[in-house]
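Worksheet for the structure shown next.
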Amino acid sequence: MKTIILSLLILPILFTSCSEIRKKKKKEEKDGAYKSFIFNMTHSFSENEKNMSFPIWFDEEIIRKKNIKSIRRKIFPSGNKNNPEELNPKEKKTYFFDTDGSLKRIHIQQFYEYITVADLNFEYKVLRDEYGFSPVRIVYDKNENNNEAIDQFLIYDKIEYQQNYLVYQNAKSGDYRFYMLKKEYWGTLSVDSIFDPNPQDMITFGSPILPKKEYYVENKVNESNINLFHYSSKNMPMKVRTEKFPFQYKRSIIYNKEGNCSGFIDSTFSNDEFLTRLNSSFVFHDSLPIELIHESKSKNKLFIQVETFEYDFFE
C-alpha cells in the first residue's frame, strides 16, 4: 500500500513537469516564428527617432536583400484614410542607403501651412559600430527656422567604451547616457559607484541596440521616466512600458499568424485606469509597408493619421 501511495504522490509532479515543459516548448516555438521586420520596432516610431547618433531604425539585412536605395516617408497631420495625398504632409523624411544596407543620410523637412519650417540633412560618413553608434554631421542652411529645428534632435559624442559599460555625452547639453551592459551590474549601488549620475543623465540596462530598461535617477535611489522593454526568446520586440508620472504607457507590437509585424497598439493609463488607445496598422505591397494608419477614438469620434512609404531601388 505504501508503494502505491508514494507512486500516486509522484505522478502529479511528473504531470506538472511535463505540462510546464510543453508550455515552455510551445512558447519558444511561437517566439521563434516571429520574423525580422524592415523597421526596428524597438526604436522606430518613438522618441528614439530623435537620437540621430544611433541610426538603428532599420534592419540593414532586409534593406540590403531588397536592394533598397531610399525610402520616402511622409507624415500627414490628420485623417483621410483613403486619399492621404490630398493632404499636405507635416513632415517628410527621406532615408538614403548604401548597397550594404547601411544608412548614409537622412533628409528631414517639416512644414506648417505650406511653409517649410525645417530643412535638415544628417550625414553618416562612418559605419555604425557594434553598439549602433555612428558620428553624424548636420548639413543645413543657416536660417532661424533651421536653428530652432535642430533643438528637436539629439547628437552624442562617444566618451568611453569598457567591457561592462558605455558612456556617451550630449554634444549640446553635456548630459550623459550611461549603458550598463552586464546584468550582474544592474543595481543601484553599481550604477552610483561607476557613473555617479546626475538627474539629467539617462541610465540604460542593456545595450543601445537591445535596451532592457531606461530611466533617470534622483537622490541616487528614486527612478523616474522609466522605459521597460520586453522581447521574445529570439530578441524580437514585444512590448514597451513607460512610466511618466502621473501616466503609464504601454506599446504592444502586433504580429500576424505568419510571424510578420502588422502594427502596434499604444495604450495610456493613469493610476492603472485605462484612458486612451491608438491602433497603428501597416498596409503592405510586395511584402513592404507602404502605409501606416493610426486610428484612435475619443467621445465616439474616430481620428486617423496616415504615414506613407515610397521606395527607390538599386538597379
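How high is the relative contact order of the range 34-139, in percent, with contacts defined as C-alpha pairs under 8 Å that are six or more residues apart?
Answer for the range 34-139 is 21 percent.
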Notebook entry, point to check: Which value at 222 nm does the chain reach when only helices count, each DSSP H run of 4 or more adding -39,500 (n - 2.57), with the total divided by all residues and rounded to the nearest 500 deg cm²/dmol?
Noted result: -5000 deg cm²/dmol
Notebook entry, point to check: In whole Å, what is the distance between the alpha-carbon centres of the range 123-178 and the range 238-315?
Noted result: 27 Å
Notebook entry, point to check: Given labels modelled 7 Å from the Cα in the Cβ direction, how far is it in nm from Arg64 to Glu91?
Noted result: 2.9 nm
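Could you tally the net charge around Val217, taking each other residue with its Cβ under 10 Å from the Cβ of Val217, Lys/Arg +1 and Asp/Glu -1?
Neighbour charge sum, excluding Val217 itself: -3.
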Item checked: the range 44-185, Rg to Rh (Cα coordinates; Rh as Kirkwood inverse mean 1/r) -> 1.01
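At 1.4 Å probe radius, can you tell me the per residue accessible area of the range 78-210 in Å²? List each step's numbers first, then the result.
Working: 7560 Å² over 133 residues.
Value for the range 78-210: 57 Å² per residue.
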Note to self: Computing the accessible area with a 1.4 Å probe over protein heavy atoms, can you report the carbon and sulfur percentage for the range 120-232?
What the structure shows: 45 percent
Check: Rounded to the nearest 0.05, what FRET efficiency do Leu189 and Glu160 have when you use their Cβ-Cβ distance and R0 = 25 Å?
Finding: 0.80
Check: Which order, highest average first, do 50-60, 136-146, 279-289 follow once you tally other Cβ atoms within 10 Å for each residue and take the mean per peptide?
Finding: 50-60, 279-289, 136-146
Notebook entry, point to check: If you take the beta carbon distance between Thr276 and Ser78 as r and set R0 to 22 Å, what does 1/(1 + (r/R0)^6) give as a FRET efficiency, to the nearest 0.05?
Noted result: 0.85
Next item on the list: Could you work out which residue, out of Ile108, Ile194, Ile203, moves most in a Gaussian network model of the chain, that is, has the largest mean-square fluctuation with Cα springs under 10 Å?
Entry: Ile194
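Under the rule a/c < 1.5 gives rounded, and otherwise a/b versus b/c splits prolate from oblate, where does the range 196-315 land using the Cα gyration tensor?
It comes out oblate by the Cα gyration axes.
The values are calculated or read from the model by the stated rules, or taken from the named source; none is laboratory data. As the structure is a computational prediction, the values presented were derived from the model and not from experiment. Cβ coordinates were reconstructed from backbone atoms using ideal geometry, including for glycine residues, and neighbour counts include every protein chain displayed. Accessible surface is based on the protein model in full, side chains and every heavy atom, while ligands, DNA and RNA are left aside. Shrake-Rupley method; radii C 1.70, N 1.55, O 1.52, S 1.80 Å.
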